[in-house]
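Since the structure comes first, as C-alpha cells, the remarks are kept for the end.
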Amino acid sequence: MASPLVLLPGDEVPSRHLPSNKSNPLKLGPGLRLLSQPSSTSQNAQSQHVLTATQAGIVTTDAKRNTVSLLSFPNRRYIPTVNDLIIAQIHHSSVDYFHCMVTPHTAHALLGQLSFEGASKKTRPMLRQGDLVYARVLSIGLGAGAEVELTCVNPATGKSEPGGLGPLNGGMVFDVSTGMAARLLRASSSSSEQNESIDGLVVLSELGKKLESLGGFEIAVGRNGKVWIDCSNAGESAVKATIAIGRCLQTVDEKGLGPADQKKFVTRILREMKLVS
Amino acid sequence: MSKEAPLSIAEREFILEALRQDSRLDGRTPDQFRPLKISFGDEYGHVNLELGNTSIIVRISAEVTKPRDERPFDGLFNINLELSAMGSPAWENGRPNDVESYVTHVLDSVIRHSNALDTESLCILKGVSCWSIRADVHVVAYDGNLTDAACIAVMTGLQHFRRPDAVVRDGQVVVYGVEERVPVALNITHKPLSVTFFAFNESKNIIVDATLKEEQASEGELVIGINNGGEMCFMNKFSGATINAREIVTRTSVALEKVKDLNAQIDRAMQADLALRAKRGMAEESRAENDR
C-alpha cells in the first residue's frame, strides 16, 4: 500500500480502496456507514450505494477477512459499535440482565444473565457490583435512548467467541485512548508487516519478549479505552510487572512514541521497576 | 450523574495491593508529587497550573468597592471556586456538590483565614473605599488532589497579580491606569500551601498527591496547611479511617518539606515570567514606531 488515505467526515471511500474479495460480504468497521444515494439521472431508478466516513481517520483494509475500517485519532470518547470488544463494569443486576457501565456517565448497557458460555439458570456467573466482564457489543439499538446490548457468547455456537470473553478476575485496568485501544486490537489480530507499516505499535510484542522469563502476562483490550492486564503467573513481581505494562501502554499512547522509542521506553521502565537486569 | 463512576473491585484491590508493596500506578514514591507545570497568561494574575492530569486556571481580579461597615480598615478578598462540567463529567453546571464545598472550605481556611493576603493593605480610604480582590478558580481537568492544586494555583496567582495604583487626593480616590503608573504587587504576609495525605490499608500506607483512582480507593484523608516557616495554619481530618497521632506528627514534617519544595517551584516560575515581562516591556518601549 502506498501512502495512507485520510478521510474526513462525509468523505466517500473510493471503490479502488475496497478489498476485491468477492466471496465474503464486505464488513464495515467503526466510523464508516453505508448510504444509499439516489442517482442523479432519473432513468436509472436503481439507487447507488456509497461508503462514507462519519469520523476522520485513515482507511485501512484487511483483504483476508474482507473488512474495511477507519483508523481514527486517539480520542477519549467511545461510541459503541456492533461487534466491538469492550471491558464493562457491572453496576447492578436485575432479574434478566446485568446492567453494565461501558463508559462512565452514559446509559448502562445490558448484559443478559445467561449470555455466558455454558450458562444456564443454575450455572450462570454470580457477578457483583464492580466486577469486570470482557464482552462483545451485540446490538446498539436505533435512535436516541436506545439500549446497548452486550454478550459474552456467540449465540450461534454457544462458545465464548472470540476466546476470552467472560468475567475478568483479578488483574488491573488501565485507561488508554480509544484510538490506542483500536491499535492494540489490530496489532494482535492482523499480520505483523502490514500493521507495523500503519500502526508502528511494537510495545506489546516487546513487553511479551522481555517479560517471558517472568511467566508472561494476560491482556484484554476493550475498544472503550480500557486495557486489562493480569500477571498472576509472575509470582512476587506480579504487581510491579502489571504496573510496568500499564505505564508503558499509557506513555506510548500519550506521547505517541515511534517504534524505536517504544523499545527504548520499555527497556527503561523495566529497568526502573527492577524487573529485568 | 453527580457522582464519580465507582472503581471496579479489581482496580481497588490492585491499588491497595500495590501500595502494600510500596508501588504506585505511575511509579512514584509515596511522598512524591506529580510533575507541576505553572504558566502565566498575558495579564497579571492569570495562572495555568497542571499537576499531572489535573489542570486548573486561576484569575485574580481587583475592583474598588466600599469596605464592610464592621471592618472599615479592611479590604475584601474572596476565593470563588466553581466546578463546571468541563472538569469532569460527574459535575453539573450550577449545581454545587460535595467536592466543591470541601475544596472551598480548605482554600478559605488555608489562604483566607490564615491572612496570607494582608487585607488591611487593601484599604484606600477608611470606611469609604477599598480594593476587593477576587480569585476565580476554574477546574479544566480533574484527576485527583484538587485541593492542593487549587491552593498552589491561588497562591501563585496572588503573588503574580499586580493591582492598579490608587491614591487619595483631597478626599478623592484616584485610580491610575496600568499605563500611567507601575501597578502594585499585593502584600503577601506568608505563603501557606495545603498538602493532602491519603491513607490506605488501615493507615499503614500514606501517600501525597493521589490521582483520582487512588483517591477513590483511599480510606481516609488528612489535610495539612503549612507555610515555609513551618507554621501550621490548618489541619483537618474530615472523615475516614483513623490515623495514628505519631503518624500525623511525622506527616507534618513531610508536609513542610513538600511546601518548601512547591514554593521554590512557584518562585522559579514567577521569576522566569517576570524576567520575560521585563524584557518584553523594554522591547516595547525601545520600539521606534508607535501604534496610533
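The values are calculated or read from the model by the stated rules, or taken from the named source; none is laboratory data. All of these numbers come straight from a predicted model, not from anything done at the bench. Every residue, glycine as well, gets a Cβ built from its backbone with ideal geometry; the counts of neighbours run over all protein chains shown.
Quick notes on this one:
- In region A:68-89, the residues that are closer than 21 Å to A:Pro162 by Cα and assigned to a strand (DSSP E or B): A:Val68, A:Ser69, A:Leu85, A:Ile86, A:Ile87, A:Ala88, A:Gln89
- 2 or more residues more than 14 Å from every other protein chain (Cβ to nearest Cβ): qualifying strands (runs of 3 or more DSSP E) within region A:96-161: A:109-112, A:132-139, A:149-151
- Top-ranked residue of region B:41-96 - restricted to ones that are within 15 Å of B:Ala149 (Cα to Cα) and of a type in the set (Asp, Glu), ranked as surrounded by the most Cβ atoms within 10 Å (Cβ to Cβ): B:Glu50
- Check on A:Ser94, touching a residue at least 40 places away in the same chain (Cβ under 8 Å) and either exposed (fewer than 15 other Cβ atoms within 10 Å of the Cβ) or closer than 23 Å to A:Ser232 by Cα (or both): no
- Residues of region B:9-42 satisfying the condition of being of a type in the set (Lys, Arg) and more than 20 Å from B:Ala255 (Cα to Cα): B:Arg12, B:Arg20
- The set of residues in region A:72-97 that are hydrophobic (A, V, I, L, M, F, W, C) and modelled with pLDDT of 75 or more comprises A:Ile79, A:Val82, A:Leu85, A:Ile86, A:Ile87, A:Ala88, A:Ile90, A:Val95.
- Hits in region B:187-232 (condition: closer than 26 Å to B:Pro6 by Cβ, in contact (Cβ under 8 Å) with a residue 60 or more places away in the chain and part of a loop (DSSP other than H, G, I, E, B)): B:Asn201, B:Lys204, B:Asp209, B:Ala210, B:Thr211
- Answer from A:Val239, A:Val221 - the residue that is free of Cβ contacts under 8 Å to residues at least 12 places away in the same chain and either within 22 Å of B:Ile15 (Cα to Cα) or within 14 Å of chain B (Cβ to nearest Cβ) (or both): A:Val239
- Answer residue from region B:11-20, given it is at the interface with another protein chain (Cβ under 7 Å from one of its Cβ atoms) and among the hydrophobic types (A, V, I, L, M, F, W, C) and is surrounded by the most Cβ atoms within 10 Å (Cβ to Cβ) among those: B:Phe14
- Flag if B:Pro35 is within 17 Å of B:Ser218 (Cβ to Cβ), touching a residue at least 12 places away in the same chain (Cβ under 8 Å) and not polar (S, T, N, Q): no
- Positions within region B:1-18 being touching a Pro at 6+ places or on another chain (Cβ under 8 Å) and not acidic (Asp, Glu), in sequence order: B:Met1, B:Ala5
- Number of the exception - B:Asp31 against (1) at pLDDT below 95; (2) under 23 Å from B:Asn187 (Cβ atoms); (3) surrounded by 13 or more Cβ atoms within 10 Å (Cβ to Cβ): (2)
- Region B:227-273: number of residues that are at pLDDT below 90, among the hydrophobic types (A, V, I, L, M, F, W, C) and more than 22 Å from B:Val103 (Cβ to Cβ): 1
- Only one of the listed residues (A:Gly130, A:Gly200, A:Gly118, A:Gly215) is modelled with pLDDT under 85 and outside the structural domain of A:Pro259 (by TED's automatic domain parsing). That residue is A:Gly118.
- Note on region A:249-277: residues that are more than 26 Å from A:Gly166 (Cα to Cα), touching a residue at least 12 places away in the same chain (Cβ under 8 Å), assigned to a helix (DSSP H, G or I) and of a type in the set (A, V, I, L, M, F, W, C) total 5.
- Here the condition is being over 20 Å from B:Lys260 (Cβ atoms) and modelled with pLDDT of 90 or more; of B:Arg163, B:Arg181, it holds for B:Arg163 alone.
- Odd one out for B:Arg71, checked against (1) over 19 Å from B:Asn187 (Cβ atoms); (2) out of contact with any His (no Cβ under 6 Å at 6 or more places or on another chain); (3) among the basic types (Lys, Arg): (1)
- The condition (being of a type in the set (S, T, N, Q), more than 14 Å from chain A (Cβ to nearest Cβ) and more than 13 Å from the chain's Cα centre (by Cα)) is satisfied by just one residue among B:Ser23, B:Ser39, B:Ser88, B:Ser8: B:Ser39.
- Selection within region A:162-186 - assigned to a loop (DSSP other than H, G, I, E, B) and within 17 Å of A:Gln89 (Cα to Cα): A:Gly164, A:Leu165, A:Asn169, A:Gly170, A:Gly171, A:Val176
- Residue match in region B:44-66 (condition: touching a residue at least 60 places away in the same chain (Cβ under 8 Å), within 14 Å of chain A (Cβ to nearest Cβ) and out of contact with any Leu (no Cβ under 8 Å at 6 or more places or on another chain)): yes
- When residues in region B:233-242 are screened for being in contact with an Asp or Glu (Cβ under 8 Å, 6 or more places away or on another chain) and free of Cβ contacts under 8 Å to residues at least 24 places away in the same chain, 2 of them pass.
- Filtered residues of region A:224-236 (kept if free of Cβ contacts under 8 Å to residues at least 40 places away in the same chain and more than 11 Å from chain B (Cβ to nearest Cβ)): A:Asn233, A:Ala234, A:Gly235
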